[in-house]
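Trainee: Got a structure for you, written out below as structure tokens; questions coming shortly.
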Amino acid sequence: MNYLFASKRYRLPLRAPLRTAHGLWREREGLLVRLTDETGRVGLGEIAPLEWFGTERLAEAETLCRGWGDRLTEAQMAAIPARFGCLRFALAAAKPAAEAKAPADQRLPVAALLPAGRAALEALPARLEAGFLAFKWKVGVGRVEDELAILDDLLGALPAYTRLRLDANGAWERRAAERWLAYCAERPLEFIEQPVAPAEVDLLLGLAEDYPVKLALDESVTGLAAAREWQARGWRGVFVIKPALAGPLAELEAWIRESKADVVFSSAIETALGRAAILRWILSARLTQRALGFGIGEIFGSRVWDGPPVGPLLDAGWCDAVDPEELWNALN
Ligand code: MG
């Protein structure tokens, strides 16, 4: 199959800057790609790299796109190096035949993000009221003893039907991690995400072995290659996967099915175009029951780029409310 190919660059200010391991992040840049097949059918995809997270750089992906001109063949697509996870995700999703239809009866809970520190307790009632069933709290920001006290207040305020996961974003040193994991051993947490830095491979494996709390890898797994390495090391915990970074969805699905990996899907701060493709696939592939890491609220402050508000449950209706052409047409 040969395609007509086009791409457009986007640059969108974030409604509120995000704190990352590499400082404040103020705007999201990426590319939308468009494929038209020989019968005239059109599909759109999104390239949304997170360079500081270890993906390809946007400029590299753009150079490949420019090199193709306005034609693209299957052979050229197949020749893209595996490390271009974002570009490969986008092109596979843009193939006009690719779009999965999300089943109308499928719904998945969305994890609501709670702010760091005591502010989590103030944010909680409104989110419970809104119907959220799963929560994620950022830790490793304040002092260990302060956060442990807040944790107990949070657990005390959460009804039994809800679940709480923690995310340390790799912030803990060994001592802090051990203190936390010992403290949480008998507390009802869903899991703790990235307790220590990705470079601490042996420590991560040791902590998973020594404590009963389930651990999840996020910063440690930029793409599928890293996830496979962790499996080869014997990792039995959760993998947080950002599908927008991980290559074609079909490849990701094949890996999860064959390895039976325990996964959580999460946003890479892509626009509604990429997110709709991912959520449609998640709803139809049924690879996890874990709450989705897409409770990120309004990122761009724009209905076109954010899509409809994300509530406590996501279903096909959210995906169907996003019109990829509208995003494409919003760019010059
Ligand atoms: Mg995380």
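The values are calculated or read from the model by the stated rules, or taken from the named source; none is laboratory data. Quick caveat, the model's predicted, so the values are computed rather than measured. Every residue, glycine as well, gets a Cβ built from its backbone with ideal geometry; the counts of neighbours run over all protein chains shown.
Trainee: Do you know which of the residues in segment 193-226 that are part of a helix (DSSP H, G or I) and within 26 Å of residue 84 (Cα to Cα) is nearest to the ligand (Cβ to nearest atom)? Give the steps one after another, and end with the answer.
Mentor: Initial filter on segment 193-226 (part of a helix (DSSP H, G or I)): 201-210, 224-226.
Filter once more, keeping what is within 26 Å of residue 84 (Cα to Cα): 201, 224-226.
Details: 201: 17, 224: 17, 225: 19, 226: 14 Å.
Here the answer is 226.
Trainee: So for segment 206-222 (the condition being in contact with a Cys (Cβ under 6 Å, 6 or more places away or on another chain) and either crowded, with 21+ Cβ neighbours inside 10 Å or not aromatic (Phe, Trp, Tyr) (or both)), does at least one residue qualify?
Mentor: Start the filter on segment 206-222 by keeping residues that are in contact with a Cys (Cβ under 6 Å, 6 or more places away or on another chain), which leaves 213.
This time we only want the ones that are either crowded, with 21+ Cβ neighbours inside 10 Å or not aromatic (Phe, Trp, Tyr) (or both), so: 213.
Looking through segment 206-222, at least one residue is in contact with a Cys (Cβ under 6 Å, 6 or more places away or on another chain) and either crowded, with 21+ Cβ neighbours inside 10 Å or not aromatic (Phe, Trp, Tyr) (or both).
Trainee: Give segment 87-127 a look and list any residue that's in a loop (DSSP other than H, G, I, E, B), charged (D, E, K, R), under 24 Å from residue 242 (Cβ atoms) and touching an Asp or Glu at 6+ places or on another chain (Cβ under 9 Å), or say none.
Mentor: The answer is 95, and nothing else.
Trainee: Here is a follow-up. Identify, by number, the condition in (1) part of a helix (DSSP H, G or I); (2) on the phi > 0 side of the Ramachandran plot; (3) not aliphatic (A, V, I, L, M) that residue 234 doesn't meet.
Mentor: Residue 234 satisfies every listed condition except (1).
Trainee: Pairs under 6 Å by beta carbon, first residue touching a residue at least 60 places away in the same chain (Cβ under 8 Å) in segment 275-289, partner surrounded by fewer than 18 Cβ atoms within 10 Å (Cβ to Cβ) and of a type in the set (S, T, N, Q), six or more apart or different chains?
Mentor: Close Cβ pairs (under 6 Å, with a partner that is surrounded by fewer than 18 Cβ atoms within 10 Å (Cβ to Cβ) and of a type in the set (S, T, N, Q)) amount to 283/106.
Trainee: Of all residues being β-branched (Val, Ile, Thr) and surrounded by 12 or more Cβ atoms within 10 Å (Cβ to Cβ) in segment 12-65, which is modelled with the lowest pLDDT? Just the residue, please.
Mentor: Of segment 12-65, the ones β-branched (Val, Ile, Thr) are 20, 33, 36, 39, 42, 47, 55, 63.
From what is left, the residues that are surrounded by 12 or more Cβ atoms within 10 Å (Cβ to Cβ) are 20, 33, 36, 42, 47, 55.
Details: 20: 74, 33: 98, 36: 97, 42: 96, 47: 98, 55: 95.
Residue satisfying both the conditions and the ranking: 20.
Trainee: Would you point out which residue out of 104, 120, 93 is closer than 30 Å to residue 319 by Cα, within 16 Å of the ligand (Cβ to nearest atom) and among the small types (Gly, Ala, Ser)?
Mentor: Working: 104 fails: within 16 Å of the ligand (Cβ to nearest atom); 93 fails: within 16 Å of the ligand (Cβ to nearest atom).
Being closer than 30 Å to residue 319 by Cα, within 16 Å of the ligand (Cβ to nearest atom) and among the small types (Gly, Ala, Ser) holds for just one of 104, 120, 93, which is 120.
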